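The structure under discussion appears below in the form of structure tokens.
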Amino acid sequence: MKIKYYLILALAISLTACKSDKKETIEIEAPEKEIAELKITPIEHAAMVLNYGGKTIYVDPTGGKEVFEKFSKPDYILITDIHSDHLHLNTIEALDLSNTKIIAPEAVYELLPENIRSITATMINGAKEDFKTFSVEAIPMYNLRKEALHFHPKGRGNGYVLTFGKERVYISGDTEDIPEMRTLENIDKAFICMNLPYTMTVESAADAVLSFKPKQVYPYHFRGTEGYSDVEKFKSIVSNKTKSIEVVQLNWYPNTKEN
């Protein structure tokens, strides 16, 4: 009987010890990873400032240093073409470029002074580059109409598709409704030019947008030799054809009347 008793006692002690040695596991739910938000600030005409993930990107900066004093100094500058409403050397040279990388077509690079060339990465149409915070694909931009071919020959300038996380942003630069634009895919935001005689009509711009179907389209660069293009007409054409594309109108000409 004593042997049976000791066996039962030993078994009880063993079970108690097992329970006490077992470590309690507490599951802590990991916080969701914060998704950076893209902030867009129009400056004028083709110039804008993009902020994403703590980085500041100037696109076609013009208008003088004073225009950009309220922004952080640029981590990147994106230039689309050689014309002064896209490449404005006086503005660029006046900026603090101490930690800046410039992204530009080769034709722009050739016009830059040596000290700025040293911080410039050139991209040809079709090239893709990863700049850590975002990636860039250079898209052709050129004229189709015979009378306008001399304004923007194919291969000289770049439009761009910028990818911020999962968001794809298209910046047209100076172009008409070229096949390369119409075949773009998965564009979240599209900045589309529309001014004569240099780029295209609002009808052509709307038709192109309806073809590649961005989630949002921002009419910009719409001042031509005869005044401002009718962006309300552009919005009406797009909105009457589809409800899946949001037309976003920003103030691209803060110092003048738009229409």
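The values are calculated or read from the model by the stated rules, or taken from the named source; none is laboratory data. What you see is a predicted model, and the numbers here were worked out from it, not measured in a lab. FYI the Cβ positions are ideal-geometry reconstructions off the backbone, even for glycines, and counts take in every protein chain you see. Ligands, DNA and RNA are excluded from the accessible area calculation, which covers all protein heavy atoms including side chains. Shrake-Rupley method; radii C 1.70, N 1.55, O 1.52, S 1.80 Å.
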Legend entry - Neighbours by Cβ (under 7 Å, 6+ apart or cross-chain): first from the range 88-112, at positive phi and among the aromatic types (F, W, Y); second open to solvent by 80 Å² or more (accessible area, probe 1.4 Å) and outside any loop (DSSP other than H, G, I, E, B): none
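For the range 68-90, which positions are over 26 Å from T163 (Cα atoms) and out of contact with any Leu (no Cβ under 8 Å at 6 or more places or on another chain)?
E69, S84, N90
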Inset, instruction - For the range 187-236, name all the residues that are of a type in the set (A, V, I, L, M) and surrounded by 19 or more Cβ atoms within 10 Å (Cβ to Cβ). - result: I187, A190, I192, M194, M200, V202, A205, A206, A208, V209, V217, V231
Inset, instruction - From (1) open to solvent by 10 Å² or more (accessible area, probe 1.4 Å); (2) more than 17 Å from V136 (Cβ to Cβ); (3) touching a residue at least 12 places away in the same chain (Cβ under 8 Å); (4) of a type outside the set (F, W, Y), pick out the condition that doesn't hold for L184. - result: (2)
Legend entry - the range 157-177, subset of a type in the set (V, I, T) and assigned to a strand (DSSP E or B), residue surrounded by the fewest Cβ atoms within 10 Å (Cβ to Cβ): T163
Legend entry - Sole exception among (1) part of a loop (DSSP other than H, G, I, E, B); (2) under 25 Å from Y52 (Cβ atoms) for E180, by number: (1)
